[in-house]
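**Student:** Let me begin by handing over the structure; questions about it come next.
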Ligand code: ADP
């Protein structure tokens, strides 16, 4: 087995030019390395450095835009090195560290390296830093570019050990990158490991979900067993719908003589463990279809995949510079992304990529993905940069974010109490404390505010459970009613946040029992993950003096909801009695509550626990002045997320009282409007 792995290594295009790569690394302080996907960049370059003896002190750190890539790459490389994961080769992702004193090659997400820079301003641990998949241009990649570039300069100025930087990708705007890195060396690695044939749709497809199903079942009808398929869709809802359609078709049609077809979802809302299941090929007699978001687009190798179906769409975060609200929108991918997706079919052998769009449509795609820093809310990034003592005005961005977005971020940070003023963006005491949490400033503010509302423990539970989306298990058709009945036990008319809190409280009360989760159609792995996140958040709370000493002994639903407003004040919407739509206060956008929400009106059977009192730990519908208005739609809600699909939806919503806005965030800009309209 290990011999084979070694043989596989030697066949990679990177191996053929190993010495040339090492020479370039030795002679250049910064190197841009371009090579086809699958040529061995991510797995081999760190090993070459280690094996060459060029690593005398410190580590090779290699960043990935996604956690699943960091984990699977480190697993693969530790296998290749015949060492246990976490020994010479390890990984670190948010809330999870699998490294040891022996670790020499560390795969990590970009966010981790950024956080490390907060505690070690010269990143002294590292002799080599490899920024992989640089073409993705996530906000973190762009910020890291500036940070490592300046650390390299400073280390040289202070005569510290040289920091070598390697930037890697399959596709990038080389001139732009090289110019930014002081006209550094660019090395093109020749060779492609495997061929991938690209097939475009002949006609424009109006319904890519349908086109995908047709293509998939055609592949299934004709392809040899064990030739697996990877499908790219935009998000969790689509993926769930696709996997259940695949199951239904497979079940209800006589696919005579064909092997079973099994579908696996892969998206970022799944906990890491569930994501990794999509990577396991058990070798049984079935065909596997992995239905993924762009999480599977770069860096990863899904064993067995021979076919890719690319729908040409992706859900991206878009930012409204007027209000500072981010929203998720379905957009066309870039040509660079299309090639990354294509590359997934040729990781282990030749493959085929079916694009459900025409060649003409492809020509109209943008060449490169627009850097995220030009289209996203920057408050989280700016908070971190400020904590690093960086002046945003003079920071060396590869592409400077628009003035508007910087100002909106300052404004938001000011509203959150993290900076002194927009004109003088220095971190306040609160801002410093907020920056210690590896989460969005909205939520770190909520945590920091929680002692005042005497609900630290509840808020920690809530923030932890919000960090893992897939709390509910997808029931199959036979047990759907049963699952709904079980889930309704946790529901409260206050909304989704408190419903989630009920689930987490009960989970803990039942000793995190797997059986209890199964009986209640809840995802134990997600809840366990939330539990671990909670522990880490609690540790940070200890370090920044957020104390739960004054916590009220029972859930105080009003206080918890008020505390949520301290961070989520821009995510407040008002019901329009006329047409039952909501209007987001901050930008006057029309939206509906997501059908999955407790407040959407689809959940008639609210709160099976209503007979239990608050003292039992479960939040019931009763005991509040609103109890007589049991079925009334919420006049005001706050929400965690806004999603654009066929409709604009508010996801994870909670009922609030209008007067709380004035009480909690009187300066939010729309408080007076609410008071005037007050019902
Ligand atoms: P690149 O970074 O150039 O896209 P990688 O170094 O990630 O290439 O991968 C090189 C090859 O190593 C892949 O084509 C695949 O054959 C193999 N490989 C990488 N990761 C894994 C994995 N987790 N499981 C199985 N094979 C893998």
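Values in this text are rule-based calculations from the coordinates and carry no lab data. Just so it is clear, the model here is predicted, and its values are computed rather than measured. All Cβ positions, even for glycine, are placed from backbone atoms using ideal geometry, and neighbour counts span all protein chains on display.
**Student:** Per residue of the chain, what 222 nm ellipticity follows from adding -39500 (n - 2.57) for every DSSP H run with n ≥ 4, rounded to the nearest 500?
**Tutor:** Working: 25 runs with 262 residues, N = 679.
Helix contribution divided over all residues of the chain: -11500 deg cm²/dmol.
**Student:** When a/c reaches 1.5 or more, the comparison of a/b and b/c decides; with that in mind, is segment 29-126 rounded, prolate or oblate per its Cα gyration tensor?
**Tutor:** Numbers: a/c = 1.21, a/b = 1.16, b/c = 1.05.
Judged from the Cα gyration tensor, segment 29-126 comes out rounded (a/c under 1.5).
**Student:** So for segment 520-588, averaging the separation of alpha carbon pairs under 8 Å that are six or more residues apart and normalising by length, what relative contact order in percent results?
**Tutor:** This gives 15 percent for segment 520-588.
**Student:** Sort 208, 354, 15 so the one with the fewest other Cβ atoms within 10 Å of its own Cβ comes first. Let's see the in-between values first.
**Tutor:** Working: 208 21, 354 24, 15 16.
Lowest count first: 15, 208, 354.
**Student:** Ok, one more. Relative to the longest principal Cα axis of the chain, at what angle does helix 496-509 sit, 0 to 90 degrees, rounded to 10?
**Tutor:** It is inclined by approximately 80 degrees.
**Student:** Please give the Cα centre distance for segment 578-601 versus segment 406-453, rounded to the nearest Å.
**Tutor:** Distance between centres, Cα-based: 27 Å.
**Student:** Related question: Shape of segment 97-210 from its Cα gyration tensor (a ≥ b ≥ c, root eigenvalues): rounded if a/c is under 1.5, otherwise prolate when a/b > b/c, or oblate?
**Tutor:** Working: a/c = 2.26, a/b = 1.86, b/c = 1.21.
Cα axes put segment 97-210 in the prolate bin.
**Student:** So, one more: Compute the distribution of all C-alpha to C-alpha distances in segment 477-568, in bins of 10 Å from 0, and list the percent of pairs in each, rounded to whole numbers.
**Tutor:** 13, 39, 35, 11, 2
**Student:** Rounded to the nearest 5, what is the percent of antiparallel bridges among the DSSP beta bridges in the chain?
**Tutor:** 35
**Student:** Using only alpha carbon pairs under 8 Å that are at least six residues apart, calculate the relative contact order of the chain and give it in whole percent.
**Tutor:** Details: 1260 pairs, mean separation 74.0, N = 679.
Relative CO of the chain lands at 11 percent.
**Student:** Would you mind calculating the gained length between residue 581 and residue 478 on full extension (0.36 nm times residue separation, minus the Cα-Cα distance), in nm to one decimal?
**Tutor:** Here the answer is 33.7 nm.
**Student:** Cα axis of helix 403-415 to longest principal axis of the chain: angle in degrees, 0 to 90, nearest 10?
**Tutor:** Roughly 40 degrees between the two axes.
**Student:** Follow-up. So how tilted is helix 236-252 from the main axis of the chain? Cα-based, degrees 0 to 90, rounded to 10.
**Tutor:** 80
**Student:** I've got another one for you. If I take R0 = 25 Å and measure r between the Cβ atoms of residue 516 and residue 240 in this structure, what FRET efficiency does the formula 1/(1 + (r/R0)^6) give, to the nearest 0.05? Walk me through the numbers before you get to the answer.
**Tutor:** Details: r = 24 Å, r/R0 = 0.95.
In this case the efficiency is close to 0.60.
**Student:** In whole angstrom, and with the biggest value first, how far do the Cα coordinates of segment 524-592 range along each principal axis?
**Tutor:** Each principal axis gives a Cα extent; for segment 524-592 these are 47, 31, 23 Å.
**Student:** Estimate the FRET efficiency between residue 632 and residue 673 by the formula 1/(1 + (r/R0)^6), using the beta-carbon distance for r and 25 Å for R0, to the nearest 0.05. List each step's numbers first, then the result.
**Tutor:** Values: r = 22 Å, r/R0 = 0.87.
Computed FRET efficiency for residue 632 and residue 673 comes out at 0.70.
**Student:** Treat each spin label as a single point 7 Å out from the Cα along the C-beta direction, and report the residue 160 to residue 361 distance in nm.
**Tutor:** Here the answer is 5.0 nm between the modelled labels.
**Student:** Per 0.36 nm of contour for each residue apart, how much would the distance between residue 350 and residue 51 grow if the chain were fully extended, relative to their Cα-Cα spacing?
**Tutor:** On the way: separation 299, 0.36 × 299 = 107.64 nm, distance 2.98 nm.
The span from residue 350 to residue 51 would gain 104.7 nm if fully extended.
**Student:** Using a 7 Å offset from the Cα along the Cα-to-Cβ direction at both residue 182 and residue 548, what is the distance between the two label points in nm, to one decimal?
**Tutor:** 5.0
**Student:** How big is the gap, in Å, between the Cα center of segment 1-65 and the Cα center of segment 147-214?
**Tutor:** Comparing the Cα centres of segment 1-65 and segment 147-214, I get a distance of 15 Å.
**Student:** Can you tell me the equivalent ellipsoid semi-axes for the chain? Use √(5λ) from the Cα gyration tensor, largest first, whole Å.
**Tutor:** Details: eigenvalues 332, 209, 113 Å².
Those come to 41, 32, 24 Å.
**Student:** Another question, then. What distance in nm separates the two pseudo spin-label positions at residue 195 and residue 284, each 7 Å out from Cα along the beta-carbon direction?
**Tutor:** Simple spin-label model gives 3.6 nm for this pair.
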